[in-house]
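The values are calculated or read from the model by the stated rules, or taken from the named source; none is laboratory data. These numbers come from a predicted model, not from an experiment. Cβ atoms come from the backbone with ideal geometry, glycine included; neighbour counts cover every protein chain shown. Surface accessibility is based on the protein's heavy atoms, side chains included, excluding ligands, DNA and RNA. Shrake-Rupley method; radii C 1.70, N 1.55, O 1.52, S 1.80 Å.
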Amino acid sequence: MSVATARYSRSLVVIHWVTALAVLGAWLTAEGGREVVRNPPLLHFWLGLAVLVLVVPRLILRLAEPAPEAGPRHGWLAIGATLGHGLLYLLLIALPLTGWYAASRMGVSVPIFGLHLPAIAAPVQGRPGLIAELHENGGTFILILAGLHALMAIWHQFVLRDGTLRRMSLR
Ligand code: HEM
Ligand code: HEM
């Protein structure tokens, strides 16, 4: 396959876009503080957990197949992209886990398919603590980072005209 037509596998492309929608949905449905206890945002929990579930096959597939071949890139751009993608992957794992922790600390149960997610921390009265705060700020940080990531992809596509968007598309 030439550099111009190289793209991620169909499964990775589908997972990329479903994950992006789930992250956006989780951010839009997020609640903080007492409201979470009074009226738990179940959609937020489910969308966030979908992100965690999807990252498993994604990482397995990604480790099994290298990224599609890319044209020559400036050293610092390539390093920036690798670091940015690595940070995005890290957040895709850390955010749902810290959210699960925050829910446990707040004593909020997370129903799923008729069961309940086991608590991973003891419930406390009052503020749920530093990790819950990291979750709240990280939740907004991933959206900003993904926005920058999207701008970079658009810049590659329309200014450098190197077909970057095609690498993450089905056709
Ligand atoms: C929450 C939203 C998003 C997340 C978490 C995300 C995450 C990622 C990650 C981790 C990669 C690296 C894939 C790998 O090498 O395994 C990637 C690649 C890519 N993403 Fe996103 N992404 C998001 C949204 C977007 C948007 C909105 C666009 C386009 C406007 C986009 C376009 C791309 C492209 C073109 C690639 C391939 C880059 C390359 O290898 O040259 N992404 N994304
Ligand atoms: C990618 C996935 C996720 C994103 C982007 C995200 C984003 C956010 C954001 C931005 C907030 C702050 C809302 C505010 O203060 O108004 C928040 C709060 C919260 N999220 Fe998530 N979240 C995700 C996954 C999860 C998951 C999987 C769970 C639980 C299973 C969860 C549970 C919570 C809880 C309990 C809070 C309230 C924390 C507090 O008030 O201290 N989140 N989330």
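Worth pointing out:
- Protection proxy ranking of 106-117, 7-18 - average other beta-carbon atoms within 10 Å, highest first: 7-18, 106-117
- Pair residue 116, residue 137: separation of 7 Å Cα→Cβ label points (nm): 3.2
- Taking the protein heavy atoms of the chain in the context of the full set of protein chains, the accessible area attributed to carbon and sulfur is 71 percent at 1.4 Å.
- At the listed q of 0.13 Å⁻¹, the Debye profile of the range 105-149, built from one uniform point per Cα, gives log10 I(q)/I(0) equal to -0.44.
- Average accessible area per residue (Å²) across the range 3-167 - probe 1.4 Å, nucleic acids and ligands excluded: 62
- Expected 222 nm ellipticity per residue - DSSP helices of 4 or more, -39500 (n - 2.57), all of the chain, to 500: -21500 deg cm²/dmol
- Quotient of Cα Rg and 2.2 N^0.38 Å for the chain, N being how many residues it contains: 1.18
- Two-site label geometry, residue 85 and residue 127: point separation in nm, points 7 Å out along Cα→Cβ: 3.8
- Take the Cα of residue 21, step 7 Å toward its Cβ, do the same at residue 160, and the gap between the two points is 2.8 nm.
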